[in-house]
Amino acid sequence: MTQNATNYLLKNSDFKYDENEIFKNDFLDRKVIIENLSNLIWSATQSFVISIESPWGTGKTVFVKLWKQYLEKKNTPCIYFNAWENDFVSDPIIPFISTLDEYVKNEIKNIDDSKIKNSLDKAKHLGAYIAKKSLPVILKIGTQGLLNVDTEEVKKILSDEQLKEIPGLMSDIAEDAIEEFSKKKNSINELKKKIKEISGELVSENNKKPPLVIFIDELDRCRPDFALLLLERLKHIFSVDGVVFVISVDRKQLESSVKAIYGGEIDACGYLLRFIDYRFKLPNGKIENYSIQLFYKYSIPELIQKRRTTNSNYDQNYFIECINLIVKVFKLSLRELEKIFTEFNLLLRILKPETVVLPGAIFFLLSVKIKDFQFFEKLIEKQISIDKIEKKMEELEVTLNKNEKDQFHQLQGLFVRFISTDVSGESILDIPNKYKKIDGDNTGNWSYNSGFNIDIHKMWNIVAVINEYLSKISLIKEFN
């Protein structure tokens, strides 16, 4: 029997594609970008490298996977290589050729009878040889590690007779190293030929539309040495006609990897230009559309509806407006937004059944926890002044128009009253008049609604509600 989605706890999952309608779930409007970049690739006659650049958590992986689906639909051969998942090895050439091997075997029927099998077997053999035979490693092993110590240390280790033999030994090592280098260089040239043959045979045997497109994802998350060696391998080994590389990367992070290896004084941007022919900065897209998708993906409306109380006045459209307002003021990335909805889904399941749900306030607190944890902790402990809250809100609202500011001020009023009132309703701080309602009897009732459209009649109940939110959110953070 099928159960409602609200019965299940959800976590972040891979983007789902509709094979028949690729852009059906393209909430970030990537279609035109993908079409234009595809036309660029199809016009290529030489090998070149495109970098798709945007900061962490802005949807690069979703973009390249969507693009891959589009190209495959257009009969262009594509390979996806997750660099970060393979950086546990010393040389990226091994997992890279392994990925190529797996792809070819899946694509080519009756591979044992195909011309491509010989090219593939040769490529695997040459790749393993190149990875194994590295000049620095040979020199280090040949001298039993002595090249890594100074002269005085060598004298302590070796006898006088052994010291006399070093010049001849080094001469032999140098000769062997040069011979090994020559073999390695020839192997690289041979491997390049085999990669070109594989690319051509993939296109001809399956009647594909060239070129072969290889997507390299999450390079910026790799060990610095692995990331840079992979770029070197692409340039010197895999850069052949008929192959185009698409690298998705956080440019700043990759430049940090360059500096980690070569020192802070190096021109990291200039260094990377050696490997990248065409840079494309991925636009942010319409994050509002994405937030609506997540709103329904995580069953937020159903979960709220199941626990609504008599003093709730939940307006779904208004709440979506509030989400987008908070996304705007905090400049949330796609990954941060997904994390917040994951935690929202969890929070709605662990709140007490009788607890009033203030969706905007919850979303705000979850955003604060991610973007400014120190401020969040001060709210929990009520170790923050009204002035500090007002200053924080002023910093956040600088990009808002007047109507948006009026809406956002409701949250400001909510949290001012929260830190100023205990759970019994007694004031523990003097509340400025602008947060009071003066209506004849000067009762000082709170002038704002719930902070996002919920009518509040008893402020001390709301203090208890916010206390529970903070308590449960603090519990959730222990899972992170």
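Taken over the stretch 266-276, the residue count meeting the criterion of being surrounded by 15 or more Cβ atoms within 10 Å (Cβ to Cβ) and more than 11 Å from Ile247 (Cα to Cα) is 3. Counting only helices (runs of 4 or more DSSP H) wholly contained in the stretch 224-326, the ones carrying 3 or more residues that are among the basic types (Lys, Arg) and outside the structural domain of Phe363 (by TED's automatic domain parsing) occupy 251-262.
Check whether at least one residue in the stretch 190-211 is at pLDDT 90 or above and touching a Leu at 6+ places or on another chain (Cβ under 7 Å), and report yes or no. No, the conditions are met nowhere in the stretch 190-211. One residue stands out among those in the stretch 212-222 that are over 8 Å from Ser257 (Cβ atoms) and of a type outside the set (Asp, Glu): the one that is farthest from the chain's Cα centre (by Cα), which is Leu212. Filtering the stretch 359-384 to residues that are of a type in the set (S, T, N, Q) and either under 29 Å from the mean Cα position of the chain (by Cα) or not assigned by TED's automatic domain parsing to the domain that holds Phe344 (or both) leaves Ser367, Gln374. Here is the figure for the stretch 268-291: residues that are over 26 Å from Leu71 (Cα atoms) and either touching a residue at least 12 places away in the same chain (Cβ under 8 Å) or touching a helix residue (DSSP H, G or I) at 6+ places or on another chain (Cβ under 9 Å) (or both) total 7. Would you check if there is a residue in the stretch 95-113 being closer than 25 Å to Leu229 by Cα, assigned to a helix (DSSP H, G or I), of a type in the set (Val, Ile, Thr) and over 24 Å from the mean Cα position of the chain (by Cα)? Checked against the condition, which is being closer than 25 Å to Leu229 by Cα, assigned to a helix (DSSP H, G or I), of a type in the set (Val, Ile, Thr) and over 24 Å from the mean Cα position of the chain (by Cα), the stretch 95-113 yields at least one hit.
The values are calculated or read from the model by the stated rules, or taken from the named source; none is laboratory data. Keep in mind it's a predicted model, so treat the numbers as computed, not measured. Neighbour counts run over all protein chains shown; Cβ positions are idealised from the backbone, glycine included.
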